[in-house]
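**Q** Structure incoming, see below.
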């Protein structure tokens, strides 16, 4: 029986794979990597691409990751997968969106205040009208 | 009999409300279970990434990242995680109280504040309360994704990088159990204090440390790892808060259903009394009439 080691693939949202494997093949930023038992401790960033996991019996499984990190410890390989497509400009766009949202919220604040003031004025006018009507009724009766 | 009829319609409308609240209770109970699963599913990633960051910090004591350096506090950033919807008891109110308490403590020391609101309720809160809102995001739904949070987190991290804030906190509800949710204010940046402690403990217990081979190099890796680490922490807060929301809603709707039941019991008593009073009156009228003839 071939030697095997433990492999874990996790993303921020879920644990994707965990089990004993013979080999892990992934796309690192400096080139493709094949990890066999006894590999030196290593840490690398991953490019978007498949992570291939080869089980004891030679069975193969493919997981697609959009990036992340690969960590090799003496007896454990872990893949910290990104769930989202990451790129500097995409991140920038997301940040811009959040900023716009905040601005909108703050602009709405002024709208809300205006609305509040308008509602108050309306209530006042209604109260005045009611008073006038009551006065009229009294005057009619008297 | 007019009063009796009014009471009957009132009972009817309360019964309708009760149907709605008990349905919401059951929906919240099933959603809570799923939210709890999501909460558990996000833990392995956070644990792994914390280990890796700890290892690098261990192996490269000479390189201190900005995120690990404590600096003088002039401005503080808060990421406030709330729910999108109401009808979940005092969940959000308690959270905002915790934020206000902390905000006041910082203001008294002359520290300026910046806020990032995650969730519609937090946005609405800052609209009323004022305060400098630099990022907002709502409509995360029941299954929040990391992708939805990247933008907001990036703004806060940029602010930290550029020295516009010197500390970053995340405020969310901690899921203690189904009955209890506790608002917590947790420090995200700088990492130094708690990471340092972890490291020392580990060093004492761990028999051997190792250094990695780095691709491309330790510094670049640590930079991007720390960003991911903060993102995963914020994501975990959001997921945990979502579980809290469902639990709080379940409890709130359960008590609303119980209260509606009590109200119906009371009203039925009043209704029966009114009905009997009317019958008694009719009988005495008939008897009185017969006596007069």
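**Q** Regarding residue B:266, is this residue assigned to a helix (DSSP H, G or I), more than 27 Å from the chain's Cα centre (by Cα) and under 30 Å from residue B:161 (Cβ atoms)?
**A** no
**Q** Still on this structure, please answer the following. Take the range B:30-61 and flag every residue that is more than 16 Å from residue B:225 (Cα to Cα) and at pLDDT below 85.
**A** Within the range B:30-61, B:61 is the sole residue that qualifies.
**Q** Here's something else I'd like to know. Is it the case that residue B:34 is over 26 Å from residue B:133 (Cβ atoms) and out of contact with any strand residue (DSSP E or B) (no Cβ under 7 Å at 6 or more places or on another chain)? Steps first, answer last, please.
**A** On the way: over 26 Å from residue B:133 (Cβ atoms): yes; out of contact with any strand residue (DSSP E or B) (no Cβ under 7 Å at 6 or more places or on another chain): yes.
Judged against the criteria, residue B:34 is a match.
**Q** Here is a further query. Among the residues of the range B:212-263 satisfying the criterion of being part of a loop (DSSP other than H, G, I, E, B) and free of Cβ contacts under 8 Å to residues at least 12 places away in the same chain, which is nearest to the other protein chains (Cβ to nearest Cβ)?
**A** Ranking the qualifying residues of the range B:212-263, first place goes to B:216.
**Q** Can you name the residue in the range A:14-31 that is surrounded by fewer than 17 Cβ atoms within 10 Å (Cβ to Cβ) and more than 27 Å from the chain's Cα centre (by Cα) and is also nearest to the other protein chains (Cβ to nearest Cβ) among such residues?
**A** Going through the qualifying residues, I end up with A:31.
The values are calculated or read from the model by the stated rules, or taken from the named source; none is laboratory data. Just so it is clear, the structure is predicted and the values come from calculations on it, not from any experiment. Methodologically, a virtual Cβ is constructed for each residue, glycine included, from the backbone with ideal geometry; neighbour enumeration extends over all protein chains shown.
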